[in-house]
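Visitor: My questions will all concern the structure given below.
Any read-out appearing in this document is the output of simple, stated calculations on the displayed coordinates, not a laboratory observation. Everything numeric here is computed off the predicted structure, so don't read it as measured data.
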Amino acid sequence: MATPHELLPLLARIFHIAMASTENGPALSAADAQTASNDDMMILVVDDHPINRRLLADQLGSLGYQCVTANDGVDALNVLSKQHIDIVLSDVNMPNMDGYRLTQRIRQLGLTLPVIGVTANALAEEKQRCLESGMDSCLSKPVTLDIIKQTLTVYAARVRKGRE
């Protein structure tokens, strides 16, 4: 079992091993090449745990997305008031303002951008609660790079279509 001071290096090693295995995969198809150009998308990552926030931001960066982070829902609303965001990727259970309340506030403000919840609870009731709060989707932890890629490909395409 890793001690707290070993946790970040351990997670970094795991993350880099996972990344290395995808880099040695087959060449990109035309469809993959299209999704590899994601620098037009700004994603807000909201998580109260610094390690989770950093790992998600690093994963998004590896997929070519622009990324900004927030510590909780209150911080996220501040970011949204000052900066253009295309997609929100938010932890569900956080202090100060959780992901449910954040999503409700986003919708009350008239913002229609995709909000994707991330939860440690894989129960169907939790996912239903996410959708009822106004989220577009809900992912269960641990979230793999492949799941992030698949999910964001769908929502980034919707955002791009809305720009036309």
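Visitor: Suppose the chain between ASP146 and GLN66 were pulled fully straight at 0.36 nm per residue; how much longer would it get relative to their current alpha carbon spacing?
Guide: 27.0 nm
Visitor: Something else now. Near LYS82, which lysines are there with a Cα under 25 Å away, not counting those fewer than 8 places off in the same chain?
Guide: Here the lysines satisfying the reach criterion relative to LYS82 are LYS161.
Visitor: Taking 0.36 nm per residue of separation and subtracting the Cα-Cα distance, what length does fully extending GLU164 through VAL74 add?
Guide: 29.3 nm
Visitor: Extension gain GLU126-HIS49, at 0.36 nm per residue separation less the Cα-Cα distance, in nm?
Guide: Gain on extension, GLU126 to HIS49, equals 25.7 nm.
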